[in-house]
Amino acid sequence: MPGRDSSVKEALNKKGAYGKDIDLERYEEGSKDADQVADLESSEYRRYMENVGVVADEMARSGSLMFIDNGMSHCSPRIQEGLEVMSVSEALRKHDGLKDFMWNAMDPAKDKYTAKTYLEDGDGFFVRVKSGYHIKSPMQSCMLLKTNRTVQNVHNIIIVEDGASLEMITGCTSTRHANDSLHVGVTEMYIGDNANLTYSMVHSWGDKTNVRPRTKTVVGRNSNYVNNYILLNPVESIQSFPAADLAEGASTTYNTVCLAHAGSDIDTGGMVSLNGPGSRAEIMSRSISMGGKMCARGRLVGNSPGAKAHLECRSIILKDGGSTLAIPELEAHVADVEMTHEAAVGKIARDQIEYIMSRGLDEDQAVSMIVKGFLSGSINGLPESLQKDLDAAIEQANLGS
Amino acid sequence: MTEMLRIADLRAEAGGREILKGVNLTVEEGETCVLFGPNGSGKSTLLSTIMGYSTCKVTEGQILFKGQDITGMSVDERARLGIGMMMQRPPNIFGVKLGDLVKASAKNREVIGQAANFKLGEFLDRDINVGFSGGEIKRSELLQLTAQKPEFILLDEPESGVDLESIDLIGNKVRDLLFDPASGSERHVSSLVITHTGQILDYIGADRGYVMKEGVIQRTGNPADLLRNIKQNGYGE
């Protein structure tokens, strides 16, 4: 599409709508010729993977995928019936129709990051659940940045066909040698009618890593989409504003849990367009500033009668030096919609801390207990193993005052 | 008998206003003392000040616990010395499970297994006080105190907001807290109890009564006599 190519080239100079601008020239393009990892358990990257919820033994997973920089390094052979897993480049060779899904939900000229991924012809994972299949165990993928001063431009496609369901865990991380790097992950998800997708993303980066994921999900009639996002470690900057379009009777929940450490600049949330009659959405954000900058956005757009949605941003400031900003937006284009929001920003209420202290716990223990509860109790329906990982990570995050 | 608590000339502010205006009061070891007084007289402020809540600021006077000056101590230091409090309106704590707090504070770890006796079996996995009824809050406070095993307990209107059916359970659980289960009749935990109705005294009795009015202790005496007098004459002169 020559016309599109030229507009996308122009978009290389288009800054993201939110977040600080990243100079793409600072980074080399990451290699597509990745090291092959035959066995995740003996892989040198095992601890990085496990840190973001990707299990090495794969026993409780229906399949695994791993990208190192820009090339696929592992694709699990443990594939279940009804589930298709491979790189997008291979899927394009196999399925003629796939090109219709490529850059369909996501405009490649959205900003410089999508443009770069489009122009570099970024590869990524392709996951498809065939119509009527319910994949019992979660599918997992790992996006690993291995080389310093490079950009990871991956383009993933997930298709859950009519009447099918899938749970997917994606862990994105960088090795300690690749601290100063950029991750751009474009993910397009297509959920058919009467289908379910739970997509949980866990991030863990270096304190000099910049991250610009771009995610768009199209949710079919009477289908349900759950998006979970967890970030507990320091990062230089993350800007992400995943979006979903809902058809008639469809529903979605966005859950975000973030810790903004000193030096971190996090701008994340979600946007849902309620396009179908009776569609429903819930956007929940829980964040804590430990001296870093945290911006929690949520945007609900009611375009159809009977749409119902709620947005909730709660943020605690645990240490001075940073900031938190909650930006809830409700936009309605028809009369018969019900959309609400609540936002709360501030320190932990003193009476809560002292109530716990009155049972003999010291102030640090009381604050830690409240903060852990605030974070870990915030996501309903997280895969069990991921909930355990989240609890363990929160446990180790030194959340005392 | 040795002195468990001594309040000496205590003045304290809450919300920028002086509420306690020179309180003097003692509780002996093993003694249950009752605090009567009209609404707004400063009873709850006194209990919160003894527990060390920062909403109450001591401006003068002393709080001695087992002879030790605790006036400047933090809430948790007081709790670890052996003071426990049943609050009338404890805060909601989203995300923190009742069972987790009970486990974290328990000297008596067997209590977790006894939650059903407090009709709280299904509440251990619930966020503390969130959506609890009046009676559920009281039972939750008593479960926590039973785990904590304090030597001295501050009870702020244990029977208020509780239906008739639940009051028996609450009265018996308060009794279990104060009396030595081995002897059955010997009181081994001291307490200072606020009550408006006196109903709780049917379960725990009382050794001494104080009447508080306008931030000072106005009268001291036999609790039954004081209550009878209040019922007949109100809190007037």
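Readers should treat all values here as calculations from the given coordinates under stated rules, not as data from a laboratory. This one's a predicted model, so the numbers in the text were calculated from it and none came from an experiment. Note: ideal-geometry Cβ built from the backbone for every residue, glycine included; neighbour counts use all protein chains shown.
Per-structure values
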quantity	calculated
On Cα atoms only, tilt of B:223-233 relative to the major axis of chain B in degrees	70 degrees
Choice from A:VAL52, A:VAL226, A:VAL367 showing the highest fluctuation, given a GNM over chain A with Cα pairs closer than 10 Å	A:VAL367
Simple Cβ-charge dipole of segment A:2-350, Lys/Arg +1 and Asp/Glu -1, about Cα centre, in debye nearest 20	740 debye
Using θ = phi - 60° and Karplus 6.51 cos²θ - 1.76 cosθ + 1.60, couplings along segment A:28-38 (whole Hz; Gly, Pro as x)	6, 6, x, 6, 8, 9, 7, 4, 8, 10, 6
Inter-label distance for A:GLU248 and B:ASN117, nm, one decimal - labels placed 7 Å from Cα along Cα-to-Cβ	5.9 nm
Nearest-20 debye value, segment B:163-237 charge dipole, Cβ charges on Lys, Arg, Asp, Glu	260 debye
Gap separating the Cα centres of segment A:233-253 and segment A:159-182, nearest whole Å	14 Å
Degrees, to the nearest 10: B:164-178 long Cα axis against longest axis of chain B	80 degrees
Pairwise FRET efficiency - A:ARG149 versus A:ASP364, Cβ, R0 = 25 Å, nearest 0.05	0.05
Pairwise label distance in nanometres, B:VAL216 with A:GLU331, each label 7 Å out on the Cα-Cβ vector	6.7 nm
With Cα atoms, 0 to 90° folded angle of helix B:134-148 axis to chain B main axis	90 degrees
Cβ-based exposure ranking for A:CYS172, B:CYS56, A:CYS258, in which fewest neighbours within 10 Å come first	B:CYS56, A:CYS172, A:CYS258
Max mean-square fluctuation residue, GNM over chain A, Cα-Cα springs under 10 Å, options A:MET339, A:MET369, A:MET49	A:MET369
Net charge of neighbours whose Cβ lies under 15 Å from the Cβ of B:GLY61, counting Lys and Arg as +1 and Asp and Glu as -1	-1
Alpha-carbon centroid distance for the pair segment B:59-94 / segment A:2-47, whole angstrom	57 Å
Residue of B:ARG208, B:ARG175, B:ARG126 that the Gaussian network model of chain B assigns the largest fluctuation, springs spanning Cα pairs under 10 Å	B:ARG126
Cut-off 10 Å between beta-carbons: net charge of the residues surrounding A:SER285, Lys and Arg +1, Asp and Glu -1	+2
For A:ASP180, residues with placed amide H under 5 Å, excluding near neighbours	A:ARG149
Charge dipole of the protein assembly as shown about the Cα centre (unit charges at C-beta), most positive-ward option of A:VAL37, B:GLY234, A:ILE157	B:GLY234
Under-5 Å amide H pairs with A:SER31, H placed in peptide plane, nonlocal only	A:ASN70
Cα-centre dipole for the protein assembly as shown with unit charges at Cβ (Lys and Arg positive, Asp and Glu negative), debye to 20	600 debye
DSSP-defined antiparallel bridges as percent of all bridges, segment A:2-350, nearest 5	5 percent
Distance cut-off 26 Å, percentage of C-alpha pairs in chain B lying past it	36 percent
A:LYS372, B:LYS103 arranged by Cβ crowding within 10 Å, fewest neighbours leading	B:LYS103, A:LYS372
Euclidean distance of C-alpha centroids, segment A:340-365 and segment A:285-318, integer Å	21 Å
Fewest-first sequence of A:ARG176, A:ARG214, A:ARG26 by Cβ atoms within 10 Å of each Cβ	A:ARG176, A:ARG26, A:ARG214
Under Karplus coefficients 6.51, -1.76 and 1.60, residue-wise ³J(HN,Hα) of segment B:95-104 in Hz, glycine/proline x	x, 9, 7, 3, x, 5, 5, 4, 5, 5
Ranked by how many other beta carbons lie within 10 Å on average, peptides A:344-354, B:72-82, A:147-157 from highest	A:147-157, B:72-82, A:344-354
Volume per residue of the C-alpha convex hull in chain A, rounded to whole Å³	137 Å³
Karplus 3J(HN,Hα) series, Hz, for segment A:104-111 with 6.51 cos²θ - 1.76 cosθ + 1.60 (x for Gly, Pro)	8, 6, 9, 7, x, 8, 4, 7
Rounded to 5, the percent of DSSP beta bridges in chain B classed as antiparallel	60 percent
Difference of contour (0.36 nm per residue) and Cα-Cα distance, A:LYS20 to A:ARG93	22.6 nm
Share antiparallel - DSSP beta bridges, the protein assembly as shown, percent rounded to 5	20 percent
